[in-house]
Amino acid sequence: MDSTGYSEEQTRDASDWFSPILVKELRQGTRSRAFVWSFLALHTVLLLLIITALLTAASPHSNYDQVFVTGFFWTLISIPLLLVLPGIGFGGLKKELDAKTLELIFLTRMTTLRIVFGKWAALVIQGFLFVSAILPYMILRYFLGGVNLVDELRILLLLMLGSLCLTAAAVGLSSITSKAFRLGIIIAVLFFLIQGLFTSMAIFYGARGLFMTFGTADGWSWLFLFFSVPLFIILMLEFGAGRIAPPAENHALRKRLTGLVLLAGGIAVYFGTNGSWWAPVVVAIPLLIICIEAVNENLRSYGILLRARRAQGKRFAAPVRFLAPGWPGGVIFTALVTAVYLALLLTDSTTEPEHILALLTLSGAILLPVALIRLAAPDTERGFVFFVLIQVIMLCAGICALVFAETTYFAASGFFELLPIPLLMLMLGDHLSGSTNASVNVMVFVNAISLVALLATGMTATRRTVATTSSAHPGQAPQRQPLAPETP
Amino acid sequence: MNSVSSLAVVRDLHRSFGPTRAVANLSFRLPRGQVTGFIGANGAGKTTTMRMMASLDIPNAGSIEIDGVDVLEDPSHARRSIGWMPDTYGSYQDMSVWEYLDFFARAFGYTGIERKRRVDEVMDFADLGSLSDRPADTLSKGMSQRLCLGRSLVHDPALLILDEPAAGLDPKARIEFKHLVRLLAGEGKTVFISSHILSELAEMCDTLLFIDEGKLIHEGTAESLMHGDAPGVAYAVEIAGPVEHLEEWVALRPDAAVIETRKHGALIRFDHIDPAEISGVLKQLLDAGIRVTDFHREQRRLEDAFVEILEKLNANGAPSNT
């Protein structure tokens with residue numbers, strides 16, 4: 001009982017049932033200029049659109065006008081859901097990191113995942129506010145005729161799911177503070193918008209066309225959609241949480257487990273659809289992100305977690321080391337995922353050698369750079385920067401290979417086919433000089449040698465970390481300085 | 001080890017950033033209910049040490065125990081005892097002062113009336129009542145510091161770690177802030193406060209820790225530092241007329257020496273003299289025909305003490321305790 005005579009339940013207000021970060025974000029979000037102006041602008045334009053639709057309803061070109069109104073209507077709704085809210089989300093963690101306010105929240109009882117989840121949930125609620133605000137206009141359009149309400153609701157559902165995923169991705173990626181990376185992401189998104197979605201949406205058919213295509217999809221597609229969307233959201237939020245988290249938090253486990261569940265879902269769809277490869281291929285994209293992040297994780301986090309676990313009398317069991325944070329665990333995880341895909345390919349009767357080559361080239365493109373980095377500097381904490389650098393060099397080599405392949409046959413067949421990314425580019429460009437089987441053998445060798453090197457350096461690095469962690473005092477530290485005796 | 005009267009115990013702390021060693025073999029205790037000052041030049045390792053204590057950074061080696069809990073092994077438990085006030089932080093847009101504190105109270109697990117009461121208590125303590133509805137990002141530096149102090153007190157921690165809290169404050173705000181720190185000490189809180197402005201810390205701290213290049217170079221009270229361990233008592237003497245007369249008079253006395261010549265006088269150290277009999281020295285000065293215009297005992301400035309400690313350390317290579 002409270003001193004006021006009320007029980008704790010009675011003294012709680014409604015907002016106490018929500019996450020503190022959600023309450024804070026909603027307070028801030030619904031007052032922000034971006035939200036208020038988008039909301040007002042959407043209503044103004046929708047109102048004008050409906051008036052136009054009402055005025056043109058009786059014209060001889062009514063059908064054509066209605067199609068245009070429909071396209072424009074969905075385009076308008078797509079802008080806040082697919083552009084404005086992810087745009088706000090893309091600044092979410094970055095703003096806090098710049099203002100150094102996240103650290104203040106870390107010291108409370110909030111975990112980093114709750115922080116990131118709260119930010120995303122606040123944007124989702126704002127999205128629902130947008131959607132509930134457009135419902136009256138949808139119903140008005142229904143009374144104007146030519147609207148299938150079930151189809152429209154299905155489109156709205158898909159649009160919402162798309163918004164959930166994009167917003168989660170934006171919040172997760174907002175943990176990246178590097179200007180170059182952020183600029184790269186923005187350019188990629190703008191390119192995608194201009195090239196794809198919005199071009200088709202703005203011209204007559206809008207999102208309707210895109211989403212209607214999916215509306216005719218089979219049960220497996222819908223099942224996979226509802227299965228993979230939450231996992232993708234968790235993965236992206238974990239990505240953000242992992243990047244901002246103090247080193248003592250273990251995010252590798254959840255990310256890798258999510259990846260494995262996605263992989264299992266992809267395999268289930270593969271078998272359920274009698275060998276259709278679309279689900280394992282779709283799942284490969286988030287898995288690629290997980291693997292790249294995993295192989296570049298610092299081992300320091302592992303040491304710190306190990307120390308905390310030891311204090312609690314726990315340890316990392318050997319069979320699940322591939323889930324332990326740090327690049328050695330990440331290498332084993334990547335090898336495991338590659339092995340699963342390889343097994344799937346080998347059991348499929350329709351598999352061509354090119355498919356195996358593509359898989360081995362992708363895994364080689366991850367393992368080879370990491371092997372080079374860890375052989376040169378096993379303890380570097382800037383592994384990801386070097387990884388990106390090597391990828392850029394390989395990409396440039398790939399472009400050179402393609403140019404040579406167009407002009408000189410022999411130049412392309414030699415050195416470049418030993419390197420994963422140039423080999424992949426030559427393969428995709430149909431410029432392989434030798435036989436595919438020979439290239440497969442080369443990639444098997446590249447993968448095997450990289451893996452052996454990584455496992456050897458990984459074991460040494462892990463042992464070193466464990467040794468450092470087992471005593472609070474590393475060997476290289478100076479002599480212990482005695483503390484002054486306690487004063488009474 | 002008996003940790004009853006120490007709230008925080010730091011042992012053999014090391015932290016390196018690549019080849020740069022920020023903290024090296026640092027050990028100290030924070031006595032319960034006392035204000036401890038943490039002094040060092042910019043880049044000496046103060047913020048790094050405090051961040052590690054606040055569980056925001058992980059040392060390469062060593063241990064930190066706060067209220068009996070190891071910060072590295074159980075950071076979430078240790079955080080309940082820590083109130084952290086960083087040197088710089090941003091505030092939130094579109095959020096009032098009350099909402100700002102309310103958010104942190106929620107994040108610390110307070111609900112309902114208890115939360116409101118806690119926020120009101122903190123607002124009262126930090127004198128933020130009149131700013132309740134003001135947007136948190138429009139406050140002056142002094143108000144912001146009070147708000148940040150209030151935030152660090154929301155969960156009623158036993159230890160307050162304040163990193164350069166008075167930096168950038170105007171004199172009035174500094175005085176207010178010092179007053180708040182003393183109030184906290186009066187309430188039994190252990191306060192660990194850093195600054196590179198030594199005089200500021202001397203007024204509010206019970207103990208001072210000096211750090212340089214990541215190492216603890218001195219630990220003692222402000223009183224002991226200001227008096228120093230040099231023999232004798234220093235007096236500042238100002239005269240009307242040439243300073244040479246004063247210097248000649250000092251030269252004739254075996255128990256006195258000029259420490260520093262000043263524009264209208266000198267700082268003189270008198271050895272083997274009882275401060276109660278100093279009036280006799282003044283009389284001798286006047287009898288010698290020196291027209292004394294000012295005569296007072298001068299304490300060492302903390303800055304001088306700090307420099308002296310550094311010089312000693314360079315000469316001997318050993319940290320000191322007073």
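More than 7 Å from chain A (Cβ to nearest Cβ) and over 30 Å from A:R33 (Cα atoms): is that true of B:D127 in this structure?
Yes, satisfied.
So, in the range B:146-174, of the ones that are within 14 Å of another protein chain (Cβ to nearest Cβ) and assigned to a helix (DSSP H, G or I), which residue ends up surrounded by the most Cβ atoms within 10 Å (Cβ to Cβ)?
Once the filter is applied, the top-ranked residue is B:R151.
Looking at the range B:274-299 only, could you name the residues that are part of a loop (DSSP other than H, G, I, E, B) and acidic (D, E)?
Selection gives B:D274, B:E298.
Where residues in the range B:58-70 are more than 7 Å from chain A (Cβ to nearest Cβ) and over 11 Å from B:R11 (Cβ atoms), which of them is modelled with the highest pLDDT?
The qualifying residue modelled with the highest pLDDT is B:I66.
Among the residues of the range B:98-114, what is the count of those that are within 31 Å of the chain's Cα centre (by Cα) and more than 8 Å from chain A (Cβ to nearest Cβ)?
So the count comes out to 5.
Just checking, which of B:D163, B:D124, B:D120 is more than 17 Å from B:D102 (Cα to Cα) and either touching a Pro at 6+ places or on another chain (Cβ under 6 Å) or not assigned by TED's automatic domain parsing to the domain that holds B:T49 (or both)?
Working: B:D124 fails: more than 17 Å from B:D102 (Cα to Cα); B:D120 fails: more than 17 Å from B:D102 (Cα to Cα).
Result: B:D163 is the single residue among B:D163, B:D124, B:D120 that is more than 17 Å from B:D102 (Cα to Cα) and either touching a Pro at 6+ places or on another chain (Cβ under 6 Å) or not assigned by TED's automatic domain parsing to the domain that holds B:T49 (or both).
Anything in the range B:14-45 that is more than 14 Å from chain A (Cβ to nearest Cβ) and crowded, with 23+ Cβ neighbours inside 10 Å? List them, or say none.
Residues satisfying the conditions are B:V35, B:G37, B:F38, B:I39, B:G40, B:G45.
Considering only residues that are surrounded by 21 or more Cβ atoms within 10 Å (Cβ to Cβ) and within 7 Å of chain A (Cβ to nearest Cβ), look in the range B:73-97 and name the one that is nearest to B:S152 (Cα to Cα).
Of everything passing the filter in the range B:73-97, B:W84 is nearest to B:S152 (Cα to Cα).
Residues checked against (1) within 12 Å of chain B (Cβ to nearest Cβ); (2) farther than 30 Å from B:Y110 by Cβ:
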{"site": "A:V69", "(1), (2)": "no, yes"}
{"site": "A:I77", "(1), (2)": "no, yes"}
{"site": "A:G87", "(1), (2)": "no, yes"}
{"site": "A:D98", "(1), (2)": "yes, no"}
{"site": "A:L113", "(1), (2)": "no, no"}
{"site": "A:W120", "(1), (2)": "no, no"}
{"site": "A:L129", "(1), (2)": "no, no"}
{"site": "A:Y142", "(1), (2)": "no, yes"}
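State the number of residues belonging to the range A:241-256 that are assigned to a helix (DSSP H, G or I) and away from chain B (no Cβ under 14 Å).
Qualifying residue count, the range A:241-256: 8.
Which numbered condition in (1) touching a strand residue (DSSP E or B) at 6+ places or on another chain (Cβ under 6 Å); (2) assigned by TED's automatic domain parsing to the domain that holds B:T36 is the only one that B:D133 fails?
Single failed check for B:D133: (2).
So A:D13 ticks every box in (1) under 30 Å from A:R114 (Cα atoms); (2) at pLDDT 85 or above but one. Which box is left unticked?
(2)
Checking A:L288 against (1) in contact with a Leu (Cβ under 9 Å, 6 or more places away or on another chain); (2) within 14 Å of chain B (Cβ to nearest Cβ); (3) not small (G, A, S), which test does it fail?
It fails just one condition, (2).
With respect to A:F73, determine if the residue is crowded, with 22+ Cβ neighbours inside 10 Å, modelled with pLDDT of 90 or more and either out of contact with any helix residue (DSSP H, G or I) (no Cβ under 6 Å at 6 or more places or on another chain) or not in a loop (DSSP other than H, G, I, E, B) (or both).
No.
Looking at B:S194, B:S152, which one is farther than 27 Å from B:A24 by Cα and at pLDDT 90 or above?
B:S152
List the pairs whose first member sits in the range B:122-149 and is touching a residue at least 40 places away in the same chain (Cβ under 8 Å) and closer than 21 Å to B:I82 by Cβ, whose second member is in a helix (DSSP H, G or I) and basic (K, R), and whose Cβ atoms are under 6 Å apart, counting only residues at least 6 apart or on separate chains?
Close Cβ pairs (under 6 Å, with a partner that is in a helix (DSSP H, G or I) and basic (K, R)) amount to B:A126/B:R146.
Mind listing whichever residues of the range B:184-202 are charged (D, E, K, R) and under 8 Å from the mean Cα position of the chain (by Cα)?
B:E200
So, in the range B:264-279, how many residues would count as being more than 18 Å from B:R291 (Cβ to Cβ) and exposed (fewer than 13 other Cβ atoms within 10 Å of the Cβ)?
Of the residues in the range B:264-279, 5 are more than 18 Å from B:R291 (Cβ to Cβ) and exposed (fewer than 13 other Cβ atoms within 10 Å of the Cβ).
Looking at this structure, is A:P230 surrounded by fewer than 16 Cβ atoms within 10 Å (Cβ to Cβ) and in contact with a helix residue (DSSP H, G or I) (Cβ under 6 Å, 6 or more places away or on another chain)?
Here the answer is no, as A:P230 does not meet what is asked.
Return yes when B:I193 is surrounded by fewer than 21 Cβ atoms within 10 Å (Cβ to Cβ), of a type in the set (A, V, I, L, M, F, W, C) and not in a loop (DSSP other than H, G, I, E, B) and no when it is not.
Details: surrounded by fewer than 21 Cβ atoms within 10 Å (Cβ to Cβ): no; of a type in the set (A, V, I, L, M, F, W, C): yes; not in a loop (DSSP other than H, G, I, E, B): yes.
So B:I193 does not fit the description; no.
Please work out which one of (1) assigned to a strand (DSSP E or B); (2) surrounded by fewer than 16 Cβ atoms within 10 Å (Cβ to Cβ); (3) in contact with a Leu (Cβ under 7 Å, 6 or more places away or on another chain) is the condition B:T261 fails and give its number.
(3)
Quick check on the range A:379-390. Is at least one of its residues farther than 26 Å from A:F333 by Cβ and of a type in the set (D, E)?
At the first step, the residues of the range A:379-390 found to be farther than 26 Å from A:F333 by Cβ are none.
Scanning the range A:379-390, I find no residue that is farther than 26 Å from A:F333 by Cβ and of a type in the set (D, E), so the answer is no.
What do you reckon, is A:T111 in contact (Cβ under 8 Å) with a residue 24 or more places away in the chain, in the same structural domain as A:R27 (by TED's automatic domain parsing) and among the hydroxyl-bearing types (S, T, Y)?
Criteria met by A:T111.
The values are calculated or read from the model by the stated rules, or taken from the named source; none is laboratory data. Because the structure is predicted, anything quoted here is derived from the model rather than measured. Please note: Cβ atoms are built from the backbone with ideal geometry, for glycine as well, and neighbour counts cover all protein chains shown.
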